[in-house]
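Peer 1: This is the structure I have questions about; it appears just below.
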Amino acid sequence: MTSEKQAFRGDLSLVQFADVLTFVSMVRRTGKLVVGQGDLERTIYWNRGEIVFATANSTEHSLGHFLLRNGKITEQQYEESRSRLTSGTRHGKVLVQMGAISPKDLWWGVKNQVLEIIYSVFGWDEGEFTFWESDEQIRERILLSLNTSSIIMEGIRRLDEGAMIRERITSFDTVYATIPGADAQLPSLDLDEHEIVLFHLIDGRRSIRDLIRSSELTEFEALRILYQLVSARLIEEVRDERRKEPVFLDVEDSPELLRIISTYNDMFGHLFEVLAGSVGEDRAREVFMITLQNAESNELWNGVFFDQFGRFDENMLVANVSELPFEQRKAVLEDGLNTLLSIHLFEVSQNLDDAAKVDVFRFISDQKAQLERVGAES
């Protein structure tokens, strides 16, 4: 006879979901963690502190919908497979029997569907959770063994990155093309084999939807690497020929403003490089994101993001400057750049020794002096 007892419960408004996962993993419990928010419910199954499966009561997280959304099956295959379902069959098995997916595709789908279910809870700041300890074996043919620490790190990373990605990539119909010389810079991004495959699929014709369908990445994974490639200036959006007129021509034709933007970007890039060498890239990115958030009230920085090298999106900054009256542009630009640079300098200096601080301030001073000399000569 199966025994099931409530081990503990709590409120997500008081305890973070990541901490709940850590606790279950640490005490190495077997059973199920049920997390609810209104009508939504997620159930995560554990075996001795390892996550082995997860389910959700929302249709969007069903296996069929997940495979359809990620381009592994067509709408027609999805509808046909649904018509073949009975109370004793599983959707994945039916799709394999139809030849719509391979057993390898099924394993990929189940694993990533389970991960997506778990990641979806990281955005919940309210709800209830209950852990039921049980000796019952979960009745699933495909059981996983997922590293809880990796899931927590990825879940938090997705929560932070999701908003930035949605701001930059607004449509699955967007088409990207590689920028000349991008291949030479590819090794610096430390991509895995699936991400490299995605990069080589970018041909100026395939939409984001097509790229997801042709890769072995999930929707979020594909969007994240595309965001990374765009930020690193390795790919660019292919725009309709009819819309190629230079919208911000007056700013682009101002060498002085572009020189100011480029020089300050070099300063930010240098600061990031020095900081990353001292505290590591993850902490350096965190510092940069915090300081950028502090400057968000300044309209100059609306929609502007820093890439993984600590450099900001010059095109977006140019777009924001273009919306200002002509006579105000230089003053507003320099004020905004200096304000953010000062914040960065303060935060970075907290993590450097005295010698490194001197080198950083000397570099900044030299860059500003060079800007003034060039400005005086022109």
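Peer 1: Of everything in the range 92-119, what is of a type outside the set (S, T, N, Q) and over 24 Å from Ile151 (Cβ atoms)? Give them in sequence order.
Peer 2: Across the range 92-119, the qualifying residues are Lys93, Val94, Leu95, Val96, Met98, Gly99, Ala100, Ile101, Pro103.
Peer 1: Among what's in the range 352-378 and is acidic (Asp, Glu) and closer than 18 Å to Ser262 by Cβ, pick the residue that is modelled with the highest pLDDT.
Peer 2: Step one: list which residues in the range 352-378 are acidic (Asp, Glu), which gives 353-354, 359, 366, 372, 377.
Remaining after also requiring closer than 18 Å to Ser262 by Cβ: 366, 372, 377.
Values: Asp366: 83, Glu372: 80, Glu377: 69.
Filtering the range 352-378 for residues that are acidic (Asp, Glu) and closer than 18 Å to Ser262 by Cβ, the one modelled with the highest pLDDT comes out as Asp366.
Peer 1: If you don't mind, another one. Of the residues in the range 51-75, how many are over 18 Å from Ile212 (Cα atoms), of a type outside the set (Phe, Trp, Tyr) and either touching a Phe, Trp or Tyr at 6+ places or on another chain (Cβ under 8 Å) or at pLDDT 85 or above (or both)?
Peer 2: Number of matching residues: 6.
Peer 1: Quick check: anything in the range 218-227 hydroxyl-bearing (Ser, Thr, Tyr), modelled with pLDDT under 80 and surrounded by fewer than 15 Cβ atoms within 10 Å (Cβ to Cβ)?
Peer 2: Filtering the range 218-227 for residues hydroxyl-bearing (Ser, Thr, Tyr) gives 218, 227.
Then drop every residue that is not modelled with pLDDT under 80, which leaves 218.
Among the residues that remain, those that are also surrounded by fewer than 15 Cβ atoms within 10 Å (Cβ to Cβ) are: none.
Taking every residue of the range 218-227 in turn, none turns out to be hydroxyl-bearing (Ser, Thr, Tyr), modelled with pLDDT under 80 and surrounded by fewer than 15 Cβ atoms within 10 Å (Cβ to Cβ).
Peer 1: Looking at the range 145-216, what helices (runs of 4 or more DSSP H) fall wholly within it and have at least 1 residues that are buried (at least 17 other Cβ atoms within 10 Å of the Cβ), at pLDDT below 80 and in contact with a Phe, Trp or Tyr (Cβ under 6 Å, 6 or more places away or on another chain)?
Peer 2: Hits in the range 145-216: 148-168.
Peer 1: Any residue at all in the range 27-37 that is surrounded by 13 or more Cβ atoms within 10 Å (Cβ to Cβ), of a type in the set (Lys, Arg), modelled with pLDDT under 85 and not in a helix (DSSP H, G or I)?
Peer 2: Within the range 27-37, one or more residues are surrounded by 13 or more Cβ atoms within 10 Å (Cβ to Cβ), of a type in the set (Lys, Arg), modelled with pLDDT under 85 and not in a helix (DSSP H, G or I).
Peer 1: Having 2 or more residues that are closer than 21 Å to Tyr227 by Cβ and open to solvent by less than 30 Å² (accessible area, probe 1.4 Å) is the bar; report the helices (runs of 4 or more DSSP H) wholly within the range 269-350 that clear it. Quick ask: steps written out before the conclusion?
Peer 2: Values: elements: 281-294, 314-322, 329-349.
The qualifying helices (runs of 4 or more DSSP H) are 281-294, 314-322.
Peer 1: Right, next: Under 8 Å between Cβ atoms, at least 6 apart or on separate chains: pull out the pairs that start in the range 344-358 with a residue that is at negative phi and end on any residue that is loosely packed, with under 15 Cβ neighbours inside 10 Å and β-branched (Val, Ile, Thr).
Peer 2: If the second residue must be loosely packed, with under 15 Cβ neighbours inside 10 Å and β-branched (Val, Ile, Thr), the pairs left are Glu347/Ile290.
The values are calculated or read from the model by the stated rules, or taken from the named source; none is laboratory data. Everything numeric in this text was worked out from a predicted model, so none of it was measured. Backbone-built Cβ (ideal geometry, glycine too); neighbour counts: all protein chains shown. Calculation scope for accessible area: heavy atoms of the full protein, side chains included, ligands and nucleic acids excluded. Shrake-Rupley method; radii C 1.70, N 1.55, O 1.52, S 1.80 Å.
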